[in-house]
1. Can you tell me which residues in segment 21-41 are in a loop (DSSP other than H, G, I, E, B), within 22 Å of Ile84 (Cα to Cα) and either at pLDDT 95 or above or open to solvent by 70 Å² or more (accessible area, probe 1.4 Å) (or both)?
2. Look at segment 1-20 and say how many of its residues are under 22 Å from Ala76 (Cα atoms), out of contact with any Asp or Glu (no Cβ under 6 Å at 6 or more places or on another chain) and open to solvent by 50 Å² or more (accessible area, probe 1.4 Å).
3. Checking Gln71 against (1) more than 15 Å from Ile4 (Cβ to Cβ); (2) open to solvent by 50 Å² or more (accessible area, probe 1.4 Å), which single condition isn't satisfied?
4. Before we move on, is Asn83 in contact (Cβ under 8 Å) with a residue 24 or more places away in the chain, under 15 Å from the mean Cα position of the chain (by Cα) and open to solvent by 70 Å² or more (accessible area, probe 1.4 Å)?
5. Could you tell me whether any residue of segment 8-27 is free of Cβ contacts under 8 Å to residues at least 60 places away in the same chain, β-branched (Val, Ile, Thr) and in contact with a Lys or Arg (Cβ under 8 Å, 6 or more places away or on another chain)?
6. Of all residues in segment 42-68, which are buried (at least 18 other Cβ atoms within 10 Å of the Cβ) and outside any loop (DSSP other than H, G, I, E, B)?
Amino acid sequence: ALMISFEKEVLKGYLDPSGIPTVGIGHVILPGEPYKVGQAITREESRKLFKKDTKWAIDAVNRLVTRPVNQNQFDALVSLVFNIGEKAFSRSTVLRETNHGRFAKAAKGFALWN
């Protein structure tokens, strides 16, 4: 829900600013998928695509974060991983400070990625 609140949901296929065919909540339309630019999808389909698209980021946070975090922290970490990638996250100050329980320092580390 946090990521959805930050991302624009478009229920019709479109070309993003880079010219990449996109639909829903930033889903890149891949060759062979049944979506087309200009074609409408349902909110339910958009959410299914988003859930599928973010699974890898959720899995990465679950695997790499060794300290218990609350739901808000978890959501923020997943959002970060989704945007910067697992490799960058695995070497980040955010992860290192989170795993040491230094949440205020971890929070400041997010600013390095803006």
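1. Ile29, Leu30
2. 5
3. Condition not satisfied by Gln71: (1).
4. On the way: in contact (Cβ under 8 Å) with a residue 24 or more places away in the chain: yes; under 15 Å from the mean Cα position of the chain (by Cα): yes; open to solvent by 70 Å² or more (accessible area, probe 1.4 Å): yes.
Judged against the criteria, Asn83 is a match.
5. yes
6. Ser46, Leu49, Phe50, Thr54, Ala57, Ala60, Val61
The values are calculated or read from the model by the stated rules, or taken from the named source; none is laboratory data. All values reported here derive from a predicted model rather than from experimental measurement. In this analysis, Cβ positions are derived from the backbone assuming ideal geometry, glycine residues included, and neighbour counts consider all displayed protein chains. Surface areas here come from the heavy atoms of the whole protein model, side chains and all, with no ligands, DNA or RNA. Shrake-Rupley method; radii C 1.70, N 1.55, O 1.52, S 1.80 Å.
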